[in-house]
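All remarks here apply to the structure that follows.
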Amino acid sequence: MGRLAQTDGLTEIQRDILATVRDFVDKEIIPVATELEHKDEYPTAIVEGMKQLGLFGLTIPEEYGGLGESLLTYALVVEEIARGWMSVSGIVNTHFIVAHMINAHGTQEQKDYFLPKMAAGEIRGAFSMSEPGLGSDVSAISTKGVRDGEFYVLNGQKMWLTNGGTSTLVAVLCKTDEGGSTPYKNMTTFLIEKEAGFGPNPKVPGLTVPGKIEKMGYKGVDTTELVLQDVRIPADRILGGVPGRGFYQMMDGVEVGRVNVAARGCGVARRAFELGISYAQQRSTFGKKIAEHQAIQFKLAEMATKVEAAHQMMVMAARKKDSGERNDLEAGMAKYLASEYCKEVVEDAFRIHGGYGFSKEYEIERLYREAPMLLIGEGTAEIQKMIVGRRLLEEYRIAD
C-alpha cells in the first residue's frame with residue numbers, strides 16, 4: 001500500500017472499515033471505472049455493493065440503523081473511493097450531507113422517518129442550494145416558498161444537483177421571507193421526496209428534472225437542474241420544522257462537504273501519484289528507466305509531498321469538526337490545499353506519461369479531466385481564501 005497518506009490514532013474498527021473499502025475499490029471500482037466513465041454510465045453494480053457494505057449509513061447513528069461513525073471515518077472512506085473513481089464518491093457525498101443535516105437539524109419525526117431509510121440506501125439524498133445566476137452569492141437566491149395554509153408553494157429553478165435524477169430526496173433551499181430582517185434569516189430548507197428519474201416527476205406535481213448536464217469530467221454520476229412550478233410541500237417538511245433557518249443549515253452541510261471535497265482531492269492525487277510512479281519504473285528513455293532520471297525523481301518527490309500534506313490537512317479538518325468545534329477555517333484550508341495540490345499532482349503524473357497520457361487508453365487521462373471539478377466544487381479557491389482570511393482576522397485581531 002505504501003507509506004503515503006497514513007492516519008495515526010485510528011481505532012481497530014476504523015482500520016477494518018478502511019481495509020474493507022480499499023479492497024472493494026481495488027476489486028470492484030478501479031477495473032471498471034475508466035470504461036464506465038467513457039460511456040458516462042451510472043455505476044449501478046458499484047452502488048449496490050456500497051449499499052451492502054453499509055456505506056450509505058456510515059455516519060448515521062446506530063439507533064437509526066447506521067454505523068454511527070465519525071466525519072473522519074467518512075472522509076477517509078471517501079478518499080479511498082475517490083482513489084478508485086471520483087464520481088462514485090460524489091454519489092455518497094450529497095447523500096451524506098443531507099443525512100447530516102437531518103440528524104443535526106431535523107425534527108424527531110423527520111429523523112425517525114428519513115434516517116433508517118437513508119442508512120439502508122432505500123432513500124438517497126441530493127443537496128440543492130445553487131441556482132443558474134447565483135454563483136457563490138447565496139443571499140441572491142430567487143427560488144421562493146410562499147405559505148398557503150398547511151403547505152408551501154415553491155417556484156424557481158435550481159442548478160448543479162449531484163444525483164439530481166437518481167436521488168429520491170432533495171434538500172432544497174428557498175427564500176421564504178419569514179425569518180428575520182436579513183436575507184440570511186429569510187431562507188428555509190425543504191425536504192422533498194420524489195421518484196428517481198428525469199422529466200416531470202409523477203410523485204411531485206410541478207417538479208421537473210430536465211436531464212443530465214453534459215460535463216467534461218465527473219461522468220457517471222448525474223448532475224442536473226431542478227425546476228419547481230407551483231410545487232406544494234407540507235409545512236412539516238421544513239427541515240427542523242421552523243422557517244428561516246435554511247441558510248445556517250445549508251452552511252453546516254457545506255462545511256462537512258468541504259471536508260469531503262478535500263478527501264476526494266486527496267484520493268485522486270494519491271491515485272495519480274500511484275500511476276505516475278508505476279509508469280516511471282516501466283518506461284525507458286536514453287537507456288534507462290525514466291524513474292532513474294533525476295528530473296523525474298524530483299517530480300515524484302514533489303508529488304508525494306503534496307499528497308501527504310493534503311491528507312494531513314484533511315484529517316485535521318475532519319477531527320476538528322468531530323470534536324464539536326467550529327472548523328470553517330480548517331475546512332476551507334483543507335479544501336483549498338487539497339484541490340490545488342490534486343490538480344498539480346495529476347498534471348505531473350500526466351507529464352510523466354508523456355504522449356500516452358493524452359490517450360484514453362490510460363487512466364491518467366480520466367483523472368486529468370476529473371481534477372478541475374474539485375477546484376470549484378463546494379466553493380472556489382477564491383471563496384475558500386475569503387473564508388480563511390476573515391477567520392484569521394478574527395483570530396489575530398489587534399486592539400483598536
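Tell me, what % of the accessible area of the range 1-158 is carbon and sulfur with a 1.4 angstrom probe?
Values: 3160 of 6570 Å².
Ligands and nucleic acids excluded, carbon and sulfur give 48 percent.
Given R₀ = 35 Å, FRET efficiency for Arg390-Glu35 by Cβ-Cβ distance, to 0.05?
Values: r = 44 Å, r/R0 = 1.27.
Calculated value: 0.20.
In debye, nearest 20, what is the charge dipole magnitude of the chain about its Cα centre with +1 on Lys and Arg Cβ and -1 on Asp and Glu Cβ, if you could check?
In total the dipole reaches around 660 debye.
Using alpha-carbon pairs under 8 Å, 6+ residues apart, how would you state the relative contact order of the chain in percent? Working shown, then result.
Values: 752 pairs, mean separation 64.8, N = 400.
Averaging sequence separation for qualifying contacts and normalising by length gives 16 percent for the chain.
I'd like the accessible area for Asp26: 1.4 Å probe, protein heavy atoms, all chains in place, Å² to the nearest 10.
Its accessible surface works out to 70 Å², give or take rounding.
Can you tell me, using C-alpha contacts under 8 Å and at least 6 residues apart, the relative contact order of the range 1-85 as a whole percent? Before the final figure, lay out each step's value.
Values: 52 pairs, mean separation 28.8, N = 85.
RCO, the range 1-85: 34 percent.
What's the Cα-based Rg to Rh of the chain, Rh via Kirkwood?
Details: Rg = 21.4 Å, Rh = 21.7 Å.
My calculation of the ratio gives 0.99.
May I ask you to give the solvent-accessible area per residue for the range 300-346, in square angstrom, as obtained with a 1.4 angstrom probe?
Values: 1780 Å² over 47 residues.
In whole numbers, the range 300-346 has 38 Å² accessible per residue.
Accessible area per residue of the range 178-287 at 1.4 Å probe, in Å²? Write out the running numbers ahead of the final one.
Numbers: 4330 Å² over 110 residues.
Heavy-atom accessible area per residue stands at 39 Å².
Tell me the net charge near Gly156. Cut-off is 10 Å between Cβ atoms, Gly156 excluded, with +1 for each Lys or Arg and -1 for each Asp or Glu.
Details: positive: Lys144, Lys158, Lys175; negative: Glu131.
Taking every other residue near Gly156 into account, the sum is +2.
Which value in nm describes the separation of the simple spin-label points at Tyr184 and Lys289, placed 7 Å from the Cα toward the beta carbon?
Distance between the two pseudo-spin positions: 5.4 nm.
Kindly give Rg over Rh for the range 51-110, based on alpha-carbon atoms, with the Kirkwood expression for the hydrodynamic radius.
Numbers: Rg = 11.7 Å, Rh = 11.9 Å.
My calculation of the ratio gives 0.98.
Run the 1.4 Å probe and let me know the accessible area of Leu300, rounded to the nearest 10 Å².
Counting only protein heavy atoms, the figure is 20 Å².
Tally Lys/Arg at +1 and Asp/Glu at -1 over every other residue whose Cβ is under 15 Å from the Cβ of Thr34; what's the total? Walk me through the numbers before you get to the answer.
Details: positive: Lys39, Arg83, Lys219, Arg271, Lys360, Arg366, Arg369; negative: Asp26, Glu28, Glu35, Glu37, Asp40, Glu41, Glu274, Glu361, Glu363, Glu365, Glu370.
With Lys, Arg at +1 and Asp, Glu at -1, the neighbours total -4.
Please report the spacing between the Cα centers of the range 320-399 and the range 118-191 in Å, no decimals.
So the two Cα centres are separated by 26 Å.
Going by a ≥ b ≥ c, the root eigenvalues of the Cα gyration tensor, does the range 106-173 fall in the rounded group (a/c under 1.5), the prolate group (a/b larger than b/c) or the oblate group?
Judged from the Cα gyration tensor, the range 106-173 comes out oblate (a/c at least 1.5, b/c at or above a/b).
Probe of 1.4 angstrom, ligands and nucleic acids ignored: what's the accessible area per residue over the range 1-127, in square angstrom?
On the way: 5130 Å² over 127 residues.
Ligands and nucleic acids excluded, the result is 40 Å² per residue.
Can you pick out the pairs among Lys39/Lys343; Lys215/Lys335; Lys203/Lys360; Lys158/Lys306 whose Cα atoms lie more than 31 Å from each other? The partial results should precede the final answer.
Working: Lys39/Lys343 23 Å; Lys215/Lys335 22 Å; Lys203/Lys360 40 Å; Lys158/Lys306 36 Å.
Checking Cα-Cα distances, Lys203/Lys360; Lys158/Lys306 exceed 31 Å.
Based on the inverse mean of 1/r over its pairs of different Cα atoms, what is the Kirkwood hydrodynamic radius of the range 180-306, in Å?
Working: mean 1/r = 0.0512 Å⁻¹.
That comes to 19.5 Å for the range 180-306.
Mind giving me the nanometre distance, one decimal, between the label points for Ala120 and Ala399, set 7 Å out from Cα along Cα→Cβ?
6.2
Let me know the shape class of the range 135-175, please: from the alpha-carbon gyration tensor, a ≥ b ≥ c as square roots of the eigenvalues, rounded when a/c is under 1.5, otherwise prolate if a/b is greater than b/c, or oblate. Don't jump to the answer; show the numbers that get you there.
On the way: a/c = 2.89, a/b = 1.21, b/c = 2.38.
It comes out oblate by the Cα gyration axes.
Which of the three applies to the range 30-173, rounded, prolate or oblate, going by the alpha-carbon gyration tensor with a ≥ b ≥ c and a/c under 1.5 meaning rounded? If you can, show how the numbers build up before the last one.
Values: a/c = 2.07, a/b = 1.30, b/c = 1.60.
Here the range 30-173 falls in the oblate category.
State which stretch of the chain is the longest one without any exposed GluC sites (Glu not before Pro), exposure meaning a DSSP loop state and at most 14 other Cβ atoms within 10 Å.
215-324
Expressed as a whole percentage, what fraction of the accessible surface of the range 159-263 belongs to carbon and sulfur atoms when a 1.4 Å probe is rolled over the protein heavy atoms? All intermediate terms of the calculation are to be shown ahead of the outcome.
Numbers: 2030 of 3740 Å².
Its accessible area is 54 percent carbon and sulfur atoms.
Could you please state how large a percent of the accessible area of the range 321-400 is carbon and sulfur, counting protein chains only and using a 1.4 Å probe?
Values: 2380 of 4360 Å².
Its accessible area is 55 percent carbon and sulfur atoms.
The values are calculated or read from the model by the stated rules, or taken from the named source; none is laboratory data. None of the values given here were measured: they were computed from a predicted structure. Cβ sites come from the backbone with ideal geometry, for glycine too, and all protein chains shown count toward neighbours. When the accessible area is computed, the model is the full protein with side chains, heavy atoms only, and any ligands, DNA or RNA have been set aside. Shrake-Rupley method; radii C 1.70, N 1.55, O 1.52, S 1.80 Å.
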